[in-house]
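The block underneath contains the structure these notes are about, expressed in structure tokens.
Readers should treat all values here as calculations from the given coordinates under stated rules, not as data from a laboratory. All values derive from a computational prediction rather than experimental measurement. Ideal geometry is used to build each Cβ from the backbone, glycine not excepted, and the neighbour counts take in all protein chains shown.
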Amino acid sequence: MTRFTVDEANAFLTASFKGRAQNQVILMEPGRAILRLEADETHLRPGGYISGPTQMSLADSVAYMAIMTITGLEPMTVTSNLSINFLRPCIGSAVLAEGKIMKIGQALAVIDVDIRIEGAEKPSSHAVVTYALPRKAADAGAGA
């Protein structure tokens, strides 16, 4: 059962990240999320490519959403590591990022992310993102 819906995810992103171009969450299912970005000139580098920082941001955001399909709303889940490989030019007007949880434990989650131009078969980039999960209130008091 998904613990955080598409509508909840989009509302959370809109409220939490004001003033930034919004990624649209289009799928939330247990252990998996997909975001869509309608690219504009702010996302491009010379030559019309979707920039590396834009792709990295998408990878980070979709990993965050994939975790919330399992944990529910956990705003203090934070990025611990992000490794990305740029495989081929990312040229197009809409970009999709798909994140799948590879492993989730008590302290860390590891998410596999593919980024592709909408309609493309092959990914433009591939990332592995690790997130640190917040300690539960009961766990935090145990060490005190």
Segment 52-144 - Debye-derived log10 I(q)/I(0), Cα point model, q = 0.10, 0.22 Å⁻¹: -0.29, -1.01
Okay, helix-only estimate at 222 nm for the chain: each DSSP H run of n ≥ 4 adds -39500 (n - 2.57), divide by all residues, round to 500 deg cm²/dmol; what do you get? -8000 deg cm²/dmol
Could you compute the FRET efficiency for E41 and S16, with r as their C-beta to C-beta distance and R0 at 25 Å, rounded to 0.05? 0.55
I want to check the label-to-label distance for A94 and A132. Put each point 7 Å from Cα in the C-beta direction and report it in nm to one decimal. 3.7
Quick one: if the Förster radius is 22 Å, what FRET efficiency do E121 and N85 give, using the C-beta to C-beta distance and rounding to 0.05? 0.80
Using modelled backbone amide H atoms (1.01 Å from N, in-plane), which distant-in-sequence or interchain residues come within less than 5 Å of A39's amide H? A94, V95
